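Inspection log for the structure reproduced underneath, given as structure tokens.
Throughout, read-outs are computed from the coordinates displayed, never taken from laboratory work. Predicted model, so just to flag it, every value in this text is computed and none were measured. Cβ: placed from backbone, ideal geometry, glycine included. Neighbour counts: every protein chain shown.
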């Protein structure tokens, strides 16, 4: 993702829908880009490097550094040195003072551990990550099953609601076929293992969408003659967001797209 020194417009301007709750926590107004940076840090399960924050925001490294220094002065962010690795000075790691927790935090910690394990042990990490994500998505969808059998658009809406609950802050279009993901609850893990983390997320969405598309009480695969949904996740597709494209799962069966995060 390209750096963009256009500060507020790229990171947290009108397109990204900044959330004003952080202004009340800080006790003072802050710019949209600084607010966005704070929200990203709050969503992380572990301390985060400057490089990962630059990649997430599309801001210049100097701009991100200035925001972090201001947030640290306000008591909203802390920093410490990473463990030394090889030559050179260790990088700074940044963390929100009061990061969000709960269900989304548990999800983030588990997925970060999964990414590391797959990266270390698998001969086909992207495929294995996608398969793991699909099974996880089915389990999440079963745990958050709607009261009635959803139609195609409703199924996509259920997936968007699920993504919102686990910390992606999705912004769907009118029929939920194109969704902007304006947060990543695994920013640091995605910076270290981008193919694996994005493959898990793409698989999660596909598995959940398949589960929502099938009639209640049937087997794990769609039981209504529908083809497997075409789910495409485009990481860091535009400043401040990844793009998610969701097909109509009730459309005629077509070959499944390759198992990759793009």
Using a simple spin-label model with points 7 Å from Cα along the Cα→Cβ vector, what separation in nm is obtained for residue 97 and residue 31? 2.1 nm
Spin-label pair residue 139/residue 85, simplified geometry with 7 Å Cα→Cβ offset, distance in nm: 2.8 nm
